[in-house]
Amino acid sequence: MEFSQRQKEIITIVKAEQPITAEKIAEIVGYSKATLRPDFSLLTMSGILTAKPKVGYLINEEFSDSLVVDQIARQKIEHVMAVAVNISKELSIQDAIIQLFLEDCGSLYIVEDRVLVGIVSRKDLLKGALGDADLSKVPVGTLMSKMPNIYTIFDDTSVLEATRSLVLHAVDSLPVLSREIYDSEGKKVVVGKFSKSTATRQLLDILKKEF
């Protein structure tokens, strides 16, 4: 269920001040009790709030937890994404391996003018290191997976959809592209990444009440 901004504000107030009367809530939000009556009715009928006579409103913890899960799942990736580690395709495999470990990440994004052209994973670099070639002279571009054969998401994708995509495609991370930021040729640019580590942190946010 999608709540209005005012209803979300009421939920926040009740969480912080419970038990709290309708009169006190009205005073805090700056509306009359009569104006808020439809909001109170919706929130109690939906099970988010419980009303106790002569006590006031309280949060129904069971539904509150469901609301937290729903809010996290609906978050846009732009609010939780990590910084992408971008390199050029001319960088040597040796330097790419060093960069991977310095940044402690699973994948490096290969960009030209912030536009994604390829991606190289830890597994790709390991395979490249197994040969007899001088890794300081071989460009990492020879190992990369190239666009358009790379799974990406947008900054307005939900956490739920992004996590589903990670699992579905069995990848370590997904480059995040912007729907509004372009290069000089009108190509979408990389603005971040959504990885398994980021998805795990979101899961911990959901489970934090258990710790």
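The values are calculated or read from the model by the stated rules, or taken from the named source; none is laboratory data. Nothing here was measured: the structure is a model prediction, and the numbers come from that model. We place every Cβ from the backbone using ideal geometry, glycine too, and count neighbours over all the protein chains shown. Note: accessible area is taken over every heavy atom of the protein model, side chains too, but ligands, DNA and RNA are not part of it. Shrake-Rupley method; radii C 1.70, N 1.55, O 1.52, S 1.80 Å.
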Report task. Return yes when V29 is modelled with pLDDT under 85, at negative phi and either hydroxyl-bearing (S, T, Y) or touching a Lys or Arg at 6+ places or on another chain (Cβ under 9 Å) (or both) and no when it is not. Result -> no
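Yes or no, residue by residue, for (1) free of Cβ contacts under 8 Å to residues at least 60 places away in the same chain; (2) open to solvent by less than 60 Å² (accessible area, probe 1.4 Å):
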{"site": "Q99", "(1), (2)": "yes, yes"}
{"site": "D104", "(1), (2)": "yes, no"}
{"site": "R114", "(1), (2)": "no, no"}
{"site": "V117", "(1), (2)": "yes, yes"}
{"site": "V120", "(1), (2)": "yes, yes"}
{"site": "L126", "(1), (2)": "yes, no"}
{"site": "L143", "(1), (2)": "yes, yes"}
Report task. Determine whether R201 is closer than 14 Å to I77 by Cα and of a type in the set (D, E, K, R). Result -> yes
Report task. Those residues that are outside any helix (DSSP H, G or I), touching a helix residue (DSSP H, G or I) at 6+ places or on another chain (Cβ under 6 Å) and hydrophobic (A, V, I, L, M, F, W, C), I need them from the stretch 113-143; list them, please. Result -> V120, L135, V138, L143
Query raised in the report: In the stretch 1-24, which residue that is farther than 16 Å from N60 by Cβ and within 32 Å of the chain's Cα centre (by Cα) is surrounded by the most Cβ atoms within 10 Å (Cβ to Cβ)?
Result: E9
Requested in this report: Residue by residue through the stretch 186-211, note down the ones that are among the aromatic types (F, W, Y), at pLDDT below 90 and either surrounded by 12 or more Cβ atoms within 10 Å (Cβ to Cβ) or under 17 Å from N149 (Cβ atoms) (or both).
Outcome: none
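Residues checked against (1) over 29 Å from the mean Cα position of the chain (by Cα); (2) modelled with pLDDT of 95 or more; (3) of a type in the set (V, I, T):
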{"site": "N60", "(1), (2), (3)": "no, no, no"}
{"site": "D70", "(1), (2), (3)": "no, no, no"}
{"site": "E78", "(1), (2), (3)": "no, no, no"}
{"site": "Q99", "(1), (2), (3)": "no, no, no"}
{"site": "C105", "(1), (2), (3)": "no, no, no"}
{"site": "V117", "(1), (2), (3)": "no, no, yes"}
{"site": "G131", "(1), (2), (3)": "yes, no, no"}
{"site": "D134", "(1), (2), (3)": "yes, no, no"}
Report summary line: Taking the stretch 145-171 and keeping residues assigned to a loop (DSSP other than H, G, I, E, B) and open to solvent by less than 70 Å² (accessible area, probe 1.4 Å) leaves I150, T152, D155, D156, T157, V171
**Report entry** Cβ-Cβ under 8 Å pairs, at least 6 apart or on other chains, the stretch 159-185 side under 21 Å from S145 (Cβ atoms), far side open to solvent by 100 Å² or more (accessible area, probe 1.4 Å) and in a helix (DSSP H, G or I)
**Finding:** L166/K196; D172/R122; D172/K196; S173/K196
